[in-house]
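The values are calculated or read from the model by the stated rules, or taken from the named source; none is laboratory data. Model, not experiment: these values are computed from the prediction. Cβ sites come from the backbone with ideal geometry, for glycine too, and all protein chains shown count toward neighbours.
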Amino acid sequence: MSYSRPWLSYEQQLQQLKDRSMQVTDDAAALSYLERIGYYRLSAYWYPFRHKEFDESGRLSRVTDSFIPNTELRDAVKLYLFDKKLRLLSLDALERIEIALRVDIAHLLGRLDTFAHTKPDKLHKSFANKTKGNGKLTAFNAWNQKRIYVETRSKEDFVEHYKERHGPDLPIWVAVETWDFGALSQLFAMMKVKEGLNNCQFSPASA
(Lines give C-alpha, C1' and ligand atoms only; values in the text may rest on other atoms or scores of the structure.)
Protein backbone atom coordinates (compact mmCIF):
# COMPACT_ATOMS: atom_id res chain seq x y z
CA MET A 1 0.00 0.00 0.00
CA SER A 2 1.48 3.32 -1.07
CA TYR A 3 1.53 6.40 1.17
CA SER A 4 -0.69 9.08 -0.35
CA ARG A 5 -0.68 11.96 2.14
CA PRO A 6 1.05 15.04 0.67
CA TRP A 7 3.59 17.34 2.27
CA LEU A 8 1.92 20.42 3.77
CA SER A 9 3.35 23.78 4.71
CA TYR A 10 2.72 25.01 8.25
CA GLU A 11 0.00 27.30 6.93
CA GLN A 12 -1.63 24.39 5.11
CA GLN A 13 -1.42 22.24 8.24
CA LEU A 14 -3.19 24.94 10.22
CA GLN A 15 -5.87 25.29 7.57
CA GLN A 16 -6.39 21.53 7.54
CA LEU A 17 -7.01 21.59 11.28
CA LYS A 18 -9.53 24.39 10.85
CA ASP A 19 -11.25 22.48 8.04
CA ARG A 20 -11.62 19.58 10.46
CA SER A 21 -13.37 21.82 13.01
CA MET A 22 -10.38 22.57 15.22
CA GLN A 23 -10.92 25.92 16.96
CA VAL A 24 -7.95 28.28 16.62
CA THR A 25 -8.11 31.63 18.42
CA ASP A 26 -4.60 32.82 17.60
CA ASP A 27 -3.17 31.92 14.20
CA ALA A 28 0.31 33.24 14.98
CA ALA A 29 0.56 31.17 18.16
CA ALA A 30 -0.85 28.12 16.38
CA LEU A 31 1.74 28.37 13.61
CA SER A 32 4.44 28.72 16.24
CA TYR A 33 3.28 25.48 17.91
CA LEU A 34 3.31 23.64 14.59
CA GLU A 35 6.78 24.95 13.77
CA ARG A 36 8.32 24.20 17.18
CA ILE A 37 6.50 21.02 18.24
CA GLY A 38 5.32 19.57 14.96
CA TYR A 39 1.98 18.45 13.57
CA TYR A 40 2.71 14.75 13.98
CA ARG A 41 3.79 15.00 17.63
CA LEU A 42 0.79 17.17 18.52
CA SER A 43 -1.57 14.78 16.76
CA ALA A 44 -1.10 12.31 19.63
CA TYR A 45 -2.51 14.91 22.01
CA TRP A 46 -5.51 15.93 19.95
CA TYR A 47 -6.40 12.33 19.12
CA PRO A 48 -8.82 12.04 22.12
CA PHE A 49 -10.73 15.01 20.69
CA ARG A 50 -11.38 13.38 17.31
CA HIS A 51 -14.94 12.42 16.53
CA LYS A 52 -15.68 8.70 16.92
CA GLU A 53 -18.27 6.54 15.19
CA PHE A 54 -19.84 3.47 16.77
CA ASP A 55 -21.67 0.50 15.26
CA GLU A 56 -25.15 -0.68 16.23
CA SER A 57 -23.77 -2.72 19.13
CA GLY A 58 -22.04 0.33 20.58
CA ARG A 59 -18.53 -0.74 19.65
CA LEU A 60 -16.11 1.76 18.21
CA SER A 61 -16.02 1.36 14.45
CA ARG A 62 -14.00 4.37 13.27
CA VAL A 63 -12.14 7.44 14.48
CA THR A 64 -12.72 10.25 11.99
CA ASP A 65 -10.44 13.15 11.09
CA SER A 66 -12.92 15.75 12.32
CA PHE A 67 -12.96 17.05 15.89
CA ILE A 68 -15.74 17.14 18.42
CA PRO A 69 -17.35 20.58 18.85
CA ASN A 70 -15.40 23.30 20.69
CA THR A 71 -12.07 21.49 20.46
CA GLU A 72 -9.27 24.06 20.63
CA LEU A 73 -5.70 23.61 19.49
CA ARG A 74 -4.44 25.10 22.72
CA ASP A 75 -6.06 22.18 24.61
CA ALA A 76 -3.79 19.75 22.76
CA VAL A 77 -0.80 22.00 23.42
CA LYS A 78 -1.64 22.12 27.13
CA LEU A 79 -1.74 18.33 27.22
CA TYR A 80 1.63 18.20 25.47
CA LEU A 81 3.18 20.64 27.96
CA PHE A 82 1.72 18.73 30.90
CA ASP A 83 3.08 15.45 29.54
CA LYS A 84 6.50 17.03 28.99
CA LYS A 85 6.61 18.39 32.55
CA LEU A 86 5.50 15.06 33.98
CA ARG A 87 8.17 13.18 32.03
CA LEU A 88 10.88 15.59 33.24
CA LEU A 89 9.75 15.18 36.85
CA SER A 90 9.68 11.39 36.44
CA LEU A 91 13.15 11.32 34.91
CA ASP A 92 14.48 13.47 37.74
CA ALA A 93 13.00 11.12 40.34
CA LEU A 94 14.35 8.03 38.55
CA GLU A 95 17.79 9.60 38.27
CA ARG A 96 17.83 10.29 42.01
CA ILE A 97 16.88 6.67 42.74
CA GLU A 98 19.47 5.31 40.31
CA ILE A 99 22.30 7.43 41.69
CA ALA A 100 21.44 6.54 45.28
CA LEU A 101 21.29 2.85 44.35
CA ARG A 102 24.73 3.04 42.73
CA VAL A 103 26.13 4.59 45.91
CA ASP A 104 24.57 1.95 48.17
CA ILE A 105 25.69 -1.00 46.04
CA ALA A 106 29.24 0.34 45.80
CA HIS A 107 29.35 1.06 49.53
CA LEU A 108 27.90 -2.28 50.67
CA LEU A 109 29.92 -4.51 48.35
CA GLY A 110 33.02 -2.36 48.63
CA ARG A 111 33.00 -2.98 52.36
CA LEU A 112 33.38 -6.71 51.63
CA ASP A 113 36.03 -6.34 48.94
CA THR A 114 37.29 -3.53 46.73
CA PHE A 115 36.65 -5.78 43.72
CA ALA A 116 33.62 -7.65 45.09
CA HIS A 117 31.79 -7.27 41.78
CA THR A 118 34.39 -9.52 40.11
CA LYS A 119 34.09 -12.29 42.71
CA PRO A 120 30.99 -14.50 42.68
CA ASP A 121 31.74 -15.78 46.17
CA LYS A 122 30.83 -12.30 47.46
CA LEU A 123 27.36 -12.67 45.95
CA HIS A 124 24.35 -14.89 46.60
CA LYS A 125 25.27 -18.33 45.24
CA SER A 126 21.70 -19.33 44.38
CA PHE A 127 21.35 -16.33 42.08
CA ALA A 128 24.92 -15.84 40.87
CA ASN A 129 25.32 -19.51 39.88
CA LYS A 130 21.95 -19.85 38.18
CA THR A 131 22.42 -20.78 34.52
CA LYS A 132 21.21 -18.41 31.83
CA GLY A 133 19.63 -19.17 28.45
CA ASN A 134 21.35 -22.17 26.92
CA GLY A 135 22.69 -23.21 30.32
CA LYS A 136 26.34 -22.69 29.44
CA LEU A 137 26.81 -19.49 31.41
CA THR A 138 25.88 -18.72 34.98
CA ALA A 139 24.06 -15.47 35.73
CA PHE A 140 27.27 -14.06 37.13
CA ASN A 141 29.43 -15.08 34.15
CA ALA A 142 26.93 -13.64 31.68
CA TRP A 143 26.77 -10.41 33.67
CA ASN A 144 30.55 -10.32 34.10
CA GLN A 145 31.16 -10.58 30.36
CA LYS A 146 28.97 -7.54 29.78
CA ARG A 147 30.64 -5.71 32.65
CA ILE A 148 34.12 -6.26 31.25
CA TYR A 149 32.99 -5.20 27.79
CA VAL A 150 31.42 -1.97 29.08
CA GLU A 151 34.33 -1.07 31.32
CA THR A 152 36.86 -1.80 28.56
CA ARG A 153 35.04 0.37 26.03
CA SER A 154 34.34 3.24 28.43
CA LYS A 155 35.95 6.51 27.34
CA GLU A 156 34.85 8.50 30.37
CA ASP A 157 37.59 10.81 31.64
CA PHE A 158 37.40 9.43 35.17
CA VAL A 159 37.85 5.87 33.88
CA GLU A 160 40.84 6.69 31.69
CA HIS A 161 42.36 8.73 34.51
CA TYR A 162 42.01 5.83 36.93
CA LYS A 163 43.45 3.29 34.48
CA GLU A 164 46.47 5.51 33.80
CA ARG A 165 47.25 5.79 37.50
CA HIS A 166 46.17 2.44 38.89
CA GLY A 167 45.78 -0.08 36.08
CA PRO A 168 42.89 -1.71 34.19
CA ASP A 169 40.93 -3.16 37.13
CA LEU A 170 38.32 -0.75 38.46
CA PRO A 171 37.22 -0.84 42.11
CA ILE A 172 33.48 -1.16 42.51
CA TRP A 173 32.94 2.50 43.38
CA VAL A 174 34.49 3.45 40.03
CA ALA A 175 33.13 0.55 37.97
CA VAL A 176 29.55 1.10 39.14
CA GLU A 177 29.53 4.48 37.36
CA THR A 178 30.18 2.83 33.98
CA TRP A 179 27.21 0.43 34.06
CA ASP A 180 23.74 1.05 32.69
CA PHE A 181 20.73 0.52 34.92
CA GLY A 182 20.21 -2.99 33.56
CA ALA A 183 23.67 -4.10 34.67
CA LEU A 184 23.18 -2.35 37.99
CA SER A 185 19.87 -4.09 38.69
CA GLN A 186 21.30 -7.49 37.67
CA LEU A 187 24.12 -7.15 40.17
CA PHE A 188 21.65 -6.03 42.83
CA ALA A 189 19.61 -9.19 42.16
CA MET A 190 22.71 -11.32 42.77
CA MET A 191 23.67 -9.67 46.06
CA LYS A 192 23.32 -11.55 49.32
CA VAL A 193 20.18 -10.66 51.25
CA LYS A 194 22.14 -9.24 54.18
CA GLU A 195 24.06 -6.99 51.78
CA GLY A 196 21.08 -6.13 49.59
CA LEU A 197 17.77 -4.37 50.09
CA ASN A 198 17.80 -4.66 53.88
CA ASN A 199 20.93 -2.52 54.05
CA CYS A 200 20.17 -0.06 51.26
CA GLN A 201 19.75 3.37 52.78
CA PHE A 202 19.01 5.41 49.68
CA SER A 203 16.42 8.16 49.96
CA PRO A 204 15.48 9.51 46.52
CA ALA A 205 13.83 12.59 47.97
CA SER A 206 17.05 13.72 49.59
CA ALA A 207 19.43 12.69 46.81
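Details
- Single unsatisfied condition, His117 versus (1) touching a residue at least 40 places away in the same chain (Cβ under 8 Å); (2) more than 22 Å from the chain's Cα centre (by Cα); (3) not assigned by TED's automatic domain parsing to the domain that holds Met190: (3)
- Taken over the range 180-193, the criterion of being over 12 Å from Ile105 (Cα atoms) and in a loop (DSSP other than H, G, I, E, B) is satisfied by Asp180 alone.
- Residue within the range 121-139 that is touching a Pro at 6+ places or on another chain (Cβ under 9 Å), of a type outside the set (Phe, Trp, Tyr) and touching a residue at least 60 places away in the same chain (Cβ under 8 Å) present: yes
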